[in-house]
Amino acid sequence: MLFIFGMHLHPRSPAYITCEGEWETPFGNLSIETDCAKALAGLFEFEIETASRFTQDNTIELQLPFVKYFFPEAGIVPIGAPPRTESLDIGKRAIELAERQGLRAKIIGSTDLTHYGSNYGFMPKGSDPAAVQWVKENNDRRIIDAMLALDPQQVLDEALKNQNACCAGAAATAIAAGKAMGATQADCLSYAASYDKSPWDSLVGYVGIIF
């Protein structure tokens, strides 16, 4: 089974979870791991989402075709994790529940990095080429280093201070869950910015990290 953490949330947002049903992908539907999701929902204050009542957000759904392709039989528990310390407990308890139910868990945390430029209203370094270098080598680098250090609280603090992750709660909660599974090392698989493909005055950073 997979716990998938995502959603564009702020510190005062509720946590979200889907407890039953299926999510559609181009490769077929993914079923919710209902017993685990309901058990987790009983431990924390969640906003329960359903097929008819949900928040439109692309961070979790973007991962699902890959999940279905590589893990076609897996059940999922999709969770919106706000960027606050309490979310880290959700990640830890999720792993405890999976182990108690005899489930082999995998974790995905979905976030983009710095959203820079006029399109996003965030331009502390202006609009010249040096700003792109600052995003890639300074602002994104700081939160990547926090992720590689397996420090979920630092990920939250860094993102709230410097706007270098749009779903910091998801990334931090995934790290907390990974550590609960025994993760002791993180490796950066790839980093790029949208500017590398389409140079413009607005750009977004992306990184792939495996624990």
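So here's what we get for this one:
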{"item": "Counted residues, segment 183-200 - those being exposed (fewer than 12 other Cβ atoms within 10 Å of the Cβ), within 17 Å of M147 (Cβ to Cβ) and of a type outside the set (V, I, T)", "result": "4"}
{"item": "Segment 152-166, residues that are free of Cβ contacts under 8 Å to residues at least 40 places away in the same chain and surrounded by 17 or more Cβ atoms within 10 Å (Cβ to Cβ)", "result": "Q154, V155, D157, E158"}
{"item": "Residue ID - surrounded by the most Cβ atoms within 10 Å (Cβ to Cβ), chosen from residues in segment 51-72 that are out of contact with any Cys (no Cβ under 8 Å at 6 or more places or on another chain) and polar (S, T, N, Q)", "result": "Q63"}
{"item": "Failed item in (1) buried (at least 17 other Cβ atoms within 10 Å of the Cβ); (2) farther than 21 Å from A15 by Cβ; (3) without any contact (Cβ under 8 Å) to a residue 60 or more places away in the chain, with A130 passing the rest", "result": "(1)"}
{"item": "Those residues of segment 46-64 which are touching a helix residue (DSSP H, G or I) at 6+ places or on another chain (Cβ under 9 Å) and not in a helix (DSSP H, G or I), in sequence order", "result": "F46, I48"}
{"item": "Matching option when the condition is crowded, with 20+ Cβ neighbours inside 10 Å, over 19 Å from A174 (Cα atoms), at pLDDT 95 or above and not aromatic (F, W, Y), among L30, L88, L113, L40", "result": "L30"}
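The values are calculated or read from the model by the stated rules, or taken from the named source; none is laboratory data. All values reported here derive from a predicted model rather than from experimental measurement. Note that we place each Cβ from the backbone using ideal geometry, even for glycine, and neighbour counts take in every protein chain shown.
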